[in-house]
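I have placed the structure first, in the form of structure tokens, so that the comments after it can refer back to it.
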Amino acid sequence: MRVRLLGELDVTRGARSLALPASKKTRALLAYLCATGRAQHREALCGLLWDGPDDPRAALRWSLTKIRPLLDQGDTGRCRLVADRERVTFHAEPSAVDVWQVRALMASGIAEASTEGLRVAAGQFRGPFLEGLELGGCHRFASWLVAEREALRGAHVAILTALVARLSLAGTTVLLSQNRSFTGPANSDVESFCSSANGKTAAFASGADDLVFGDDNFSSDVFVWQEGLPPQLFIAVTDGAITLTWLNALEGFQLESATGLEAEPTWEAYDGTVSQEGVMNKVTFSSEEFLPARFFRLRRP
């Protein structure tokens, strides 16, 4: 059995998705027990979802009767939902819940994870945490849901950042139509994709404006990817402002500048303000600040 919470709630046994309870609060209870994975006091669960004048304990008991068949491992009869008069607990193997796998990877450290482990973790995300499971009037549940979504969104970005940085530095092909924040596909389709015979160079056209910074010409552009390129520094000129961007996952690299490219140029570490936008570092100059001509590079000291 598997429980998927990253996206719409989904419970599967084998290759079959199980029918979920019709009650949205019952589905929310199921998701909360599976996400937390620890014993929950009945009083706390009542306050989370049924904080009203009706009989919250009766509502909780009714919801548990709807959840139990889903979490009962039918082939062995071993129940994964354990409840007594005071507490309710969901028991499962660590691999049974997608959120548990992502949290385990984050806890052990992204730097320590294998590239394949990062691939698997990135593939767990099908959408926002518990997509479509918002509940009106349940303020405690809403607060918990917002906090979990934000934490898991950060984990998703961190995993994608590390994965793209590793694959890019290794010269491995990555998804060309990924947007610049690496949070999903570009906002327009790819057209006229072509690749060299050896697969080392690829190009495509797209009307997307979220692939690179400064793309505001409102027309289709051609994008090129080439295997084995060194860490890349991007430059864009928009409305008199000059913007430099590069992946903030490129650990150990620093931005350096020089005012000329003579035989032995003097390169100095850039000591100005570097902001972050998504997974990119960003430096912006006005045209006046950029003069006299300045040259930039990324270098590992």
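Does GLY240 fit the bill of being on the phi > 0 side of the Ramachandran plot, at pLDDT below 75, surrounded by 11 or more Cβ atoms within 10 Å (Cβ to Cβ) and not assigned by TED's automatic domain parsing to the domain that holds ALA158?
Working: on the phi > 0 side of the Ramachandran plot: yes; at pLDDT below 75: yes; surrounded by 11 or more Cβ atoms within 10 Å (Cβ to Cβ): no; not assigned by TED's automatic domain parsing to the domain that holds ALA158: yes.
No, not satisfied.
Among ALA44, ALA35, ALA58, which is the only one that is under 31 Å from the mean Cα position of the chain (by Cα), more than 18 Å from LEU130 (Cβ to Cβ) and part of a helix (DSSP H, G or I)? Walk me through how you get there before you give the answer.
Working: ALA35 fails: more than 18 Å from LEU130 (Cβ to Cβ); ALA58 fails: under 31 Å from the mean Cα position of the chain (by Cα).
Testing whether each residue is under 31 Å from the mean Cα position of the chain (by Cα), more than 18 Å from LEU130 (Cβ to Cβ) and part of a helix (DSSP H, G or I) leaves just ALA44.
Can you find a residue that is exposed (fewer than 13 other Cβ atoms within 10 Å of the Cβ), acidic (Asp, Glu) and either part of a loop (DSSP other than H, G, I, E, B) or in contact (Cβ under 8 Å) with a residue 12 or more places away in the chain (or both) anywhere in segment 65-80?
Looking for residues that are exposed (fewer than 13 other Cβ atoms within 10 Å of the Cβ), acidic (Asp, Glu) and either part of a loop (DSSP other than H, G, I, E, B) or in contact (Cβ under 8 Å) with a residue 12 or more places away in the chain (or both), one finds at least one in segment 65-80, hence yes.
If we scan segment 177-199, do we find a residue that is under 15 Å from LEU118 (Cβ atoms) and either modelled with pLDDT of 85 or more or not in a loop (DSSP other than H, G, I, E, B) (or both)? I'd like the intermediate steps shown before the answer.
Residues of segment 177-199 that are under 15 Å from LEU118 (Cβ atoms), as a first pass: 178, 182.
Next, only the ones that are either modelled with pLDDT of 85 or more or not in a loop (DSSP other than H, G, I, E, B) (or both) stay: 178.
Yes: one or more hits.
Go through segment 92-129 and give me each residue that's exposed (fewer than 14 other Cβ atoms within 10 Å of the Cβ), over 12 Å from the mean Cα position of the chain (by Cα) and outside any helix (DSSP H, G or I).
Of everything in segment 92-129, those that are exposed (fewer than 14 other Cβ atoms within 10 Å of the Cβ), over 12 Å from the mean Cα position of the chain (by Cα) and outside any helix (DSSP H, G or I) turn out to be GLU93, GLY109, SER114.
For the structure I just gave you, tell me whether GLN276 is within 25 Å of the chain's Cα centre (by Cα), exposed (fewer than 14 other Cβ atoms within 10 Å of the Cβ), modelled with pLDDT of 80 or more and of a type outside the set (Gly, Ala, Ser).
Details: within 25 Å of the chain's Cα centre (by Cα): yes; exposed (fewer than 14 other Cβ atoms within 10 Å of the Cβ): yes; modelled with pLDDT of 80 or more: yes; of a type outside the set (Gly, Ala, Ser): yes.
Considered against the rule, which asks whether it is within 25 Å of the chain's Cα centre (by Cα), exposed (fewer than 14 other Cβ atoms within 10 Å of the Cβ), modelled with pLDDT of 80 or more and of a type outside the set (Gly, Ala, Ser), GLN276 comes out as yes.
Please pick out the residue among LEU255, LEU250 that is under 22 Å from ALA162 (Cα atoms), surrounded by 13 or more Cβ atoms within 10 Å (Cβ to Cβ), at pLDDT below 80 and out of contact with any Lys or Arg (no Cβ under 7 Å at 6 or more places or on another chain). If you could, list the steps in order and put the result at the bottom.
Working: LEU255 fails: at pLDDT below 80.
After applying the criteria, what remains is LEU250.
Please state which one of ALA151, ALA155, ALA162 is assigned to a helix (DSSP H, G or I), at pLDDT below 90 and under 16 Å from VAL97 (Cβ atoms). Explain how you work it out, then say what you get.
Working: ALA151 fails: at pLDDT below 90; ALA162 fails: under 16 Å from VAL97 (Cβ atoms).
One residue alone meets the criteria, ALA155.
Given the options ALA35, ALA39, ALA31, ALA19, name the one that is in the same structural domain as ALA83 (by TED's automatic domain parsing), under 17 Å from PRO69 (Cα atoms) and in contact (Cβ under 8 Å) with a residue 24 or more places away in the chain.
Values: ALA35 fails: under 17 Å from PRO69 (Cα atoms); ALA39 fails: under 17 Å from PRO69 (Cα atoms); ALA19 fails: in contact (Cβ under 8 Å) with a residue 24 or more places away in the chain.
From the options ALA35, ALA39, ALA31, ALA19, the qualifying one is ALA31.
Counting just the residues of segment 1-19 that are crowded, with 17+ Cβ neighbours inside 10 Å and either among the basic types (Lys, Arg) or in contact with a strand residue (DSSP E or B) (Cβ under 7 Å, 6 or more places away or on another chain) (or both), which one comes out farthest from VAL82 (Cα to Cα)? Walk me through it before giving the result.
Of segment 1-19, the ones crowded, with 17+ Cβ neighbours inside 10 Å are 1, 3-6, 9, 11.
Narrowing further to those that are either among the basic types (Lys, Arg) or in contact with a strand residue (DSSP E or B) (Cβ under 7 Å, 6 or more places away or on another chain) (or both): 1, 3-6, 11.
Working: MET1: 16, VAL3: 17, ARG4: 20, LEU5: 20, LEU6: 24, VAL11: 18 Å.
Among them, the one singled out is LEU6.
Got a sec? Which of ASP51, ASP84 is over 13 Å from MET1 (Cα atoms), surrounded by fewer than 17 Cβ atoms within 10 Å (Cβ to Cβ) and either touching a Ser or Thr at 6+ places or on another chain (Cβ under 6 Å) or at pLDDT 90 or above (or both)?
Numbers: ASP51 fails: either touching a Ser or Thr at 6+ places or on another chain (Cβ under 6 Å) or at pLDDT 90 or above (or both).
ASP84 is the lone residue from the list that is over 13 Å from MET1 (Cα atoms), surrounded by fewer than 17 Cβ atoms within 10 Å (Cβ to Cβ) and either touching a Ser or Thr at 6+ places or on another chain (Cβ under 6 Å) or at pLDDT 90 or above (or both).
From (1) loosely packed, with under 11 Cβ neighbours inside 10 Å; (2) of a type in the set (Val, Ile, Thr); (3) at pLDDT 80 or above; (4) not in a loop (DSSP other than H, G, I, E, B), pick out the condition that doesn't hold for VAL224.
Every listed condition holds for VAL224 apart from (3).
The values are calculated or read from the model by the stated rules, or taken from the named source; none is laboratory data. Please read all numbers here as calculations on a predicted model, not as lab measurements. Here the Cβ is made from the backbone with ideal geometry for all residues, glycine too, and neighbour counts use every protein chain on show.
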